[in-house]
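A.B. asks: If you scroll down you'll find the structure; I have some questions about it.
Only the coordinates and a few stated rules stand behind these numbers; no lab work does. Since we're looking at a predicted model, the values are computed, not measured. Here the Cβ positions follow ideal geometry from the backbone for every residue, glycine too, while neighbour counts run over all protein chains shown.
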Amino acid sequence: MTWNRRSVARQLEFAIYIGVLLSLMLYLNRTSHPPLQRLAPDQPGWPQAFLGDPQPPGGEPLTVVRLNGSIFFGAVNHLAEALQAIDEREPARRHLLLLAGGVNFVDYAGAQMLAAEARRRRALGGALYLYNVKPEVQEMLQRTGIDAVIGGDHLFPADHDGVAEIRARLDRPA
């Protein structure tokens, strides 16, 4: 079999296209399934601002999760299912604090998913809280009006002890 330059170049070009396509597919799969990690006070990754919070006696109605990845149209289904799975495992944990320091981007579909989650948690008698929201994400939430749906008092800056604030709200008589 004889090889000419044109044939080799075509095969190399085809191999490059296949490599780029596979790389794109792997990237999209990874970004559409961002990891959602449940945290407890004694685990690594628990925010420094929360370290003074003792675990309350009895059942804790608050779940703290860390999200590292963007909340965009390709990830909203995965994230919505993961958040609902938390409720199925532990129905008493109606309040959710999302550590959002690893969220760099939220698109319109992602903002709508956060609003739907806030409404869903409110219907269950709980709430959605966001901690350490980056300015770009905060701007998107404000631009879409989702910050009002979540509640401005449910968004905590990085230097604020969100867990203590949430627990103080939960301890207040209704």
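A.B. asks: What list of ³J(HN,Hα) values in whole Hz, one per residue of region 11-28 in order, does the Karplus curve 6.51 cos²θ - 1.76 cosθ + 1.60 (θ = phi - 60°) give from phi, with Gly and Pro shown as x?
C.D. replies: 3J(HN,Hα) across region 11-28, in whole Hz: 5, 5, 4, 4, 5, 5, 4, 4, x, 5, 5, 5, 4, 5, 5, 5, 4, 5.
A.B. asks: If you rank LEU79, LEU170, LEU12 by fewest surrounding Cβ atoms within 10 Å, what's the result? If you can, show how the numbers build up before the last one.
C.D. replies: Numbers: LEU79 22, LEU170 16, LEU12 10.
Lowest to highest Cβ neighbour count: LEU12, LEU170, LEU79.
A.B. asks: Whose amide H sits under 5 Å from the amide H of VAL64, counting only residues 5 or more places off or on another chain, with H placed in the peptide plane?
C.D. replies: Answer set, sorted by chain and number: LEU39, LEU97.
A.B. asks: Going by a ≥ b ≥ c, the root eigenvalues of the Cα gyration tensor, does region 75-174 fall in the rounded group (a/c under 1.5), the prolate group (a/b larger than b/c) or the oblate group?
C.D. replies: Oblate shape, in that a/c is at least 1.5 and b/c is the bigger or equal ratio.
A.B. asks: Go through region 153-166 residue by residue and turn each phi into a ³J(HN,Hα) via Karplus (6.51, -1.76, 1.60, θ = phi - 60°); whole Hz please, and just put x for glycine and proline.
C.D. replies: Each residue's phi maps through the Karplus curve to give 7, 9, 10, 10, x, 4, 8, 9, 7, x, 5, 4, 5, 5 Hz.
A.B. asks: Per residue of region 61-77, in order, report the coupling 6.51 cos²θ - 1.76 cosθ + 1.60 (Karplus, θ = phi - 60°) as ³J(HN,Hα) in whole Hz, putting x for Gly and Pro.
C.D. replies: Running phi through 6.51 cos²θ - 1.76 cosθ + 1.60 with θ = phi - 60° gives x, 10, 10, 10, 10, 10, 10, 10, x, 7, 9, 9, 3, x, 10, 5, 5 Hz.
A.B. asks: Using r as the Cβ-Cβ distance of LEU21 and GLU90, and R0 as 41 Å, what FRET efficiency do you calculate, to the nearest 0.05? Let's see the in-between values first.
C.D. replies: Details: r = 41 Å, r/R0 = 1.00.
The pair LEU21/GLU90 has a calculated efficiency of 0.50.
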